[in-house]
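Structure first, commentary second.
The values are calculated or read from the model by the stated rules, or taken from the named source; none is laboratory data. Predicted, not measured: the structure shown is a model, and the values here were computed from it. Note that we place each Cβ from the backbone using ideal geometry, even for glycine, and neighbour counts take in every protein chain shown. Accessible surface areas use protein heavy atoms only, side chains included; no ligands, DNA or RNA. Shrake-Rupley method; radii C 1.70, N 1.55, O 1.52, S 1.80 Å.
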Amino acid sequence: MATPGQNGLINFQGITKVYDMGKEQVHALRGVDLTIQANEYISIMGPSGSGKSTLMNIIGCLDTPTRGRYEFEGELVSDVTDEQTFKMDDDQLAGIRNRKIGFVFQTFNLLARTTALRNVELPLVYAGVSRRDRLVRAQAALEMVGLEDRSTHRPSELSGGQRQRVAIARALVTHPSIILADEPTGNLDSTTGREIMSLFDDLQEQGNTIILVTHEPHVAEHAHRIIHILDGQIDRDEQVVKGKADFQ
Amino acid sequence: MIEVLRIAGAALWAHKFRALLTTLGIAIGIFTVGVVMAIIEGLNASFAEQISSMGSDVLYVDKRGWFQGRDAWVLSRQRRNIGLDAGEYILQRAQYVSHVSPRIYQGGRLKYKENSLERVAVLGAAADMAVIAGVELVDGRFLSKLDSQRKKAVVVIGAAIDENLFGGEDPLGKRLSINGRKFLVIGILEKQGQMMGRNLDNMIYIPAETLLKMFGRRWRNITIAVKASSPDLINEARDEVEGIMRRYRQIRPGQPNDFAINQQSALQELYDNATRMLWMVAIGIGSIALIVGGVGVMNIMLVTVTERTVEIGIRKSLGARRRTILWQFLVESMAVSALGVVVGFVMASGVAVFVQRYTTLAARVPPTWIALGIGVVVVVGLIFGLWPATKAARLDPIEALRYE
């Protein structure tokens with residue numbers, strides 16, 4: 001592997017993403033440079049169409065850039081220049097997602113006919129963890145989000161907030177390097193949304209790295225650093241000093 | 001792997017009725033093949049039993065071959081008859097032959113007091129027939145050389161004759177009439193059962209000479225039954241008997257035989273041909289049904305993959321590799337096929353049990369079913385599941401997650 005650029009957890013250099021839509025080419029990202037350190041609490045903001053979803057997909061190794069260099073914990077995910085093209089294949093990307101990234105989605109994305117415990121356990125299945133260890137770790141993850149007594153419930157038997165907690169437990173269970181949350185409160189009422197956000201705050205204080213993608217300012221403000229995306233470029237990269245900074 | 005099976009099981013359970021319908025084609029295919037296999041297996045068992053009673057070491061010298069075309073049969077009818085002296089001629093000269101007996105078949109009407117039996121098989125034979133046919137006596141004795149020489153009116157009766165004609169009386173020493181001629185009962189045969197739909201016990205043996213004298217108004221053709229001195233020497237015996245018969249019939253070198261040497265294996269061959277046909281029909285129908293069923297499986301798997309696009313997206317985002325997703329759906333399609341196999345076998349077993357219980361046909365549930373079933377599951381599930389599973393494995397996680 002190539003040497004890490006700036007010792008960051010995540011290093012983006014000139015990340016560009018172009019979608020080929022037949023006749024037109026859509027430039028979703030136009031040369032993004034970004035470094036994220038461990039234990040940062042980051043919000044990515046921007047209006048729809050700004051490219052923030054594309055940015056999140058590339059960070060989450062769900063997608064690869066058309067151009068640019070991406071390193072995750074010193075591991076080269078992709079490096080595309082005029083001279084050379086390196087991209088991890090699908091299975092390598094799946095491996096990174098499995099070991100290093102915990103996803104939290106707006107629509108929770110739990111398996112419907114499966115109990116909370118089984119949902120949380122799922123990433124460990126793909127990691128090849130033994131059944132006994134899986135159950136212990138999944139149960140521990142449910143305890144972290146305060147749902148230890150709901151492990152045998154199915155998603156349909158849980159409230160929206162509880163479902164999102166299950167999803168967060170599932171994201172935590174592999175002890176990932178980052179937790180990537182895409183509009184995590186978008187489908188929740190404001191009270192429940194606040195509860196979920198304070199859970200993220202706690203997780204960050206426990207040492208997790210959290211990246212939130214949102215268009216809601218009051219959600220974004222929980223983070224310590226807000227990256228504003230506009231027209232496929234970083235428009236503003238601001239440090240939040242107020243509020244949460246008081247705790248540090 | 002266990003996890004994959006569990007997922008497949010849960011997915012099927014969620015759509016029980018759909019899975020059952022999907023699997024009907026496969027079930028019908030398996031059912032067809034299964035029933036035919038059961039019947040063939042049953043036939044095989046009874047055939048083997050019956051054919052072994054004919055003796056694999058016995059040759060039947062006849063002017064006609066057993067299984068030949070119609071023209072050859074007509075032609076062979078014009079051949080000279082084989083006479084009783086041929087047996088003695090063979091026995092004196094052959095080295096690989098231990099027993100020889102004539103065998104003449106005749107239908108007969110038996111009477112004893114008020115009782116009578118129609119259409120009883122009357123076989124003209126000699127003392128050696130006891131060994132050749134492997135008969136056992138429950139009482140009395142078999143035909144002797146003296147009976148033949150003196151053309152005695154003596155009879156050895158089958159178990160069914162004992163039962164139906166004498167009805168409880170001890171037949172030994174009694175006189176019964178065959179087509180109006182009186183015969184003395186000297187022996188009673190052990191019960192033998194059925195062969196090729198014929199009751200082997202509904203028959204009697206009398207000396208061939210007596211049969212010819214009393215009922216042979218015309219100069220009759222006879223068959224000579226020849227037993228090889230050991231089953232291993234059947235081919236040597238056959239060659240030897242052929243040579244002796246050519247001399248007996250005075251056939252010049254280069255001329256074709258005007259007689260045939262039949263043996264059990266010819267029967268086996270005929271039987272094999274018949275069952276092979278049955279097999280081919282079953283496999284034909286079975287494979288068409290399986291292909292139809294397989295297309296059904298493929299169709300339902302494509303629907304499943306589409307329905308569960310989001311699930312696939314979730315699994316992929318959590319780190320499921322292509323291979324993992326591929327196997328998940330392959331196992332599921334194999335499970336659907338397996339369900340069909342189980343349903344088909346259960347139905348076929350039902351028919352087999354029914355046939356066994358309510359008809360004289362034997363039907364067995366053969367162990368080869370299991371092998372066949374597993375083969376079908378793997379092949380149908382894999383072939384017809386491959387495309388949908390590949391489709392699922394190749395889904396882009398972002399688009400899959402976004403799928404409505």
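A few remarks follow.
For every residue, the table says whether it meets (1) open to solvent by less than 50 Å² (accessible area, probe 1.4 Å); (2) basic (Lys, Arg); (3) modelled with pLDDT under 90.
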| position | (1), (2), (3) |
| --- | --- |
| B:ARG217 | no, yes, yes |
| B:ARG220 | yes, yes, yes |
| B:ASP232 | no, no, yes |
| B:VAL241 | yes, no, no |
| B:GLY254 | no, no, yes |
| B:ALA260 | yes, no, yes |
| B:GLN268 | no, no, yes |
| B:TYR271 | yes, no, yes |
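- Out of A:LEU124, A:LEU158, sole residue that is under 18 Å from the mean Cα position of the chain (by Cα) and touching a residue at least 40 places away in the same chain (Cβ under 8 Å): A:LEU124
- Top-ranked residue of segment A:38-73 - restricted to ones that are closer than 30 Å to A:VAL241 by Cβ, assigned to a loop (DSSP other than H, G, I, E, B) and open to solvent by less than 20 Å² (accessible area, probe 1.4 Å), ranked as modelled with the highest pLDDT: A:GLY60
- Residues that are without any contact (Cβ under 8 Å) to a residue 60 or more places away in the chain and either crowded, with 22+ Cβ neighbours inside 10 Å or assigned to a strand (DSSP E or B) (or both) within segment A:94-106 comprise A:ALA94, A:ARG97, listed in sequence order.
- Any chance B:ALA133 is farther than 17 Å from B:THR223 by Cβ and open to solvent by 20 Å² or more (accessible area, probe 1.4 Å): no
- Only one of B:GLY294, B:GLY319 that is open to solvent by less than 10 Å² (accessible area, probe 1.4 Å) and within 14 Å of chain A (Cβ to nearest Cβ): B:GLY319
- On the stretch given as segment B:9-20, residues that are surrounded by 13 or more Cβ atoms within 10 Å (Cβ to Cβ), out of contact with any Leu (no Cβ under 8 Å at 6 or more places or on another chain) and away from chain A (no Cβ under 13 Å) total 1.
- Residue match in segment B:373-383 (condition: open to solvent by 40 Å² or more (accessible area, probe 1.4 Å) and under 30 Å from A:MET88 (Cβ atoms)): yes
- Matching residues, segment B:322-342, being of a type in the set (Val, Ile, Thr), within 11 Å of chain A (Cβ to nearest Cβ) and open to solvent by 30 Å² or more (accessible area, probe 1.4 Å): B:THR324
- Scanning segment A:97-106 for residues that are within 8 Å of chain B (Cβ to nearest Cβ) and touching a strand residue (DSSP E or B) at 6+ places or on another chain (Cβ under 8 Å) yields a total of 3.
- Screening A:SER78 with (1) within 23 Å of A:PRO184 (Cα to Cα); (2) away from every other protein chain (no Cβ under 13 Å); (3) buried (at least 20 other Cβ atoms within 10 Å of the Cβ); (4) not basic (Lys, Arg) gives one miss only, at (1).
- The residues of segment B:297-313 that are within 14 Å of chain A (Cβ to nearest Cβ) and either farther than 19 Å from B:LEU382 by Cβ or open to solvent by 30 Å² or more (accessible area, probe 1.4 Å) (or both), listed by number, are B:GLU307, B:ARG308, B:THR309, B:VAL310, B:GLU311, B:ILE312, B:GLY313.
- Residue match in segment A:51-68 (condition: hydrophobic (A, V, I, L, M, F, W, C) and within 19 Å of A:GLN164 (Cβ to Cβ)): yes
- Selection within segment A:107-157 - aliphatic (A, V, I, L, M), at the interface with another protein chain (Cβ under 9 Å from one of its Cβ atoms) and outside any loop (DSSP other than H, G, I, E, B): A:LEU122, A:VAL125, A:ALA127
- Leading residue by the ranking (least open to solvent (accessible area, probe 1.4 Å)) among those in segment B:56-94 that are part of a strand (DSSP E or B) and within 14 Å of B:ASN257 (Cα to Cα): B:VAL61
- Elements of type strands (runs of 3 or more DSSP E) in segment B:95-199, at least 3 residues being within 31 Å of the chain's Cα centre (by Cα): B:97-112, B:115-125
- Residues that are more than 14 Å from every other protein chain (Cβ to nearest Cβ), among the polar types (S, T, N, Q) and part of a loop (DSSP other than H, G, I, E, B), drawn from segment A:158-186: A:SER159, A:THR185
- When A:VAL120, A:VAL145, A:VAL125 are checked against the criterion of being of a type outside the set (S, T, N, Q) and open to solvent by 20 Å² or more (accessible area, probe 1.4 Å), a single residue qualifies: A:VAL125.
- Every condition in (1) in a loop (DSSP other than H, G, I, E, B); (2) facing another protein chain (nearest Cβ under 9 Å); (3) surrounded by fewer than 22 Cβ atoms within 10 Å (Cβ to Cβ) is met by A:ASP91 except one, and the failing one is (1).
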